[in-house]
Every structure is written in structure tokens, then in C-alpha cells.
Amino acid sequence: TVGDAHVASTQYRFGQFEQSLRAAGVDLTFRQAAGFRDWPLAAAKDLVVVQKRLMRASWVKTLRKHAKRLAFDTDDAIWEPHGKRHSWWTRVRTMHRLRAIAGAADFCMVPNEHLAGFLRPLARRVELVPMALDESTWFPAAGRQPGPLRIGWAGAPPNLAYLNRLTGVLAGFVRISPEVEIVVYCGQAPDFGGSVPFTHHPFVPGTEAEVVRQFDIGLLPLPDDAFAAGKSPIKALQYAAC
């Protein structure tokens, strides 16, 4: 996996399905891709999935040799720059690693057609596996909590750059309607430069849905760039479900 059980991609692509898959006779074993060298474990499994990590081609070759069946899953365009431009060497290395895993895998799994279209020329087979949410966790509140209108954003620290771009808009809005509450759920506070008062809810595993349920309006700002074009729709699904 790309991270531990609390990393959003790992949770929403695999972790949340663990119990239902076990009930269907499918056993999941989670290991982080970075540093993985347990080749006997890989050989013992019916399927090995590399999730959202572009590892060295030599690592992929060794894994392919041991894995009975190999898949690659990503819910983001991880080959595109995110936050800063790639150097020419980073571009070359990234595409080399992407071709290695996409070409070695029996199939690739992606949540949207944008990602599928990019991978099809590189892969033997591409399957669309849409993003989904656990309805026992993500549901509307029984009633609205008293208080001001709440405009909220929930996400991971690397995506705060999208929210920070709205600083001028939010500052102007708060000047017009100072009673509005801006709510941010994230492992890191946004950088509004002191111009936007806000309530920060730090990331605590298992509490995200509870906070999002209290939003009256959910913010989902995205720039028009190649990375954002391939982004998972999970935040939109969370807002809609709540």
C-alpha cells in the first residue's frame, strides 16, 4: 500500500472493504510498498496489488517473478506534478517506473476514465473500479447543529494548497458575512495569512464523517491542471453522502 490504514487512498480503495471481503472468503494482507522485500509472502498470495507507488523497475521485476498475479491500483495521476514542477530527470524516472509496473501487471485498477485513458497504452488491461463509501459511516446528520452557517473543507495536508488559493475569496466573504464559520478538517492548519478566521479540526482517525456532517456547504476547489483532472472524487462523494 501507499501508506498505513489511515491514509485515505489505502482506506477507501482497500481498507473499508476488508470485512466484507473476508466474509466472502477473501483474505487481505496489508504491507507498505516502500521497503517491501518479503518475496516469500508475495509468492504465497493469489494476487499482489501495488497501490499508488512507483517503485524501481528492478523491484517490480523481482516482484513480478514471485507474484502469481500482479495488479497496480491508483486513484490519482501520480505521474503528474503535484504542487511543484518536475525536473526533466524526475519526468524520465517517473515514466520509466510507471511503464515498469503498468506493463508488468496483469491488470491496472483506476476509479475514472481519465486515468484509464492514460494507462491503456501502457497496460495489458485496465479495469474501472469506482470510488465508494461505507454507508454505515457516511450518512446525513439527523438534524442540524445550532449555530452559524458552516462552510467546510476536509482533506489531507498535501491538498491544502487548493484551499489556500481561496484565501482572498474567503476573506471577502467573511467581511460581508462575519457570522459565517469556516471549518477545516485536516492534519495541518491552512495558511490564510491571518485574513480568514476559521475553526480547525485536526485529523483523528474515525472522526472525519462526524465533522463533515456538520458542514452546510462543502468546498472542493480544484485547479485546471493534469494532476487535478485525474483526482479521485472521494471528497465529493463524502459531501454528497452527508
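The set of residues in region 120-145 that are free of Cβ contacts under 8 Å to residues at least 40 places away in the same chain and of a type outside the set (Gly, Ala, Ser) comprises Arg120, Pro121, Leu122, Arg124, Arg125, Val126, Glu127, Leu128, Pro130.
Scanning region 189-205 for residues that are open to solvent by 50 Å² or more (accessible area, probe 1.4 Å) and within 20 Å of Tyr239 (Cα to Cα) gives Phe198, His200, His201, Pro202, Phe203, Val204, Pro205. Among the residues of region 69-93, the ones that are touching a strand residue (DSSP E or B) at 6+ places or on another chain (Cβ under 8 Å) and either in a loop (DSSP other than H, G, I, E, B) or of a type in the set (Asp, Glu) (or both) come to 4 in all.
Set side by side, the residues Leu63, Leu54 differ, and just one is part of a loop (DSSP other than H, G, I, E, B) and among the hydrophobic types (A, V, I, L, M, F, W, C), which is Leu54. Has region 51-71 got at least one residue that is open to solvent by 40 Å² or more (accessible area, probe 1.4 Å) and small (Gly, Ala, Ser)? The answer is yes; a qualifying residue exists.
Counting only residues that are part of a helix (DSSP H, G or I) and open to solvent by 40 Å² or more (accessible area, probe 1.4 Å), which one in region 154-175 is modelled with the lowest pLDDT? Going through the qualifying residues, I end up with Pro158.
A Cβ distance below 8 Å, combined with a sequence gap of six or more or placement on separate chains, defines the contacts here; from region 217-239, residues that are modelled with pLDDT under 95 and open to solvent by 50 Å² or more (accessible area, probe 1.4 Å) reach residues that are part of a helix (DSSP H, G or I) and among the hydroxyl-bearing types (Ser, Thr, Tyr) in the pairs Leu222/Tyr162. Scanning region 86-102 for residues that are open to solvent by 30 Å² or more (accessible area, probe 1.4 Å) and in contact with a Lys or Arg (Cβ under 8 Å, 6 or more places away or on another chain) yields a count of 1.
None of Arg144, Arg124 is part of a loop (DSSP other than H, G, I, E, B), farther than 20 Å from Cys186 by Cβ, at pLDDT below 95 and among the basic types (Lys, Arg) except Arg144.
The values are calculated or read from the model by the stated rules, or taken from the named source; none is laboratory data. Predicted model only: the values in this text are computed from it and were never measured. Methodologically, a virtual Cβ is constructed for each residue, glycine included, from the backbone with ideal geometry; neighbour enumeration extends over all protein chains shown. Calculation scope for accessible area: heavy atoms of the full protein, side chains included, ligands and nucleic acids excluded. Shrake-Rupley method; radii C 1.70, N 1.55, O 1.52, S 1.80 Å.
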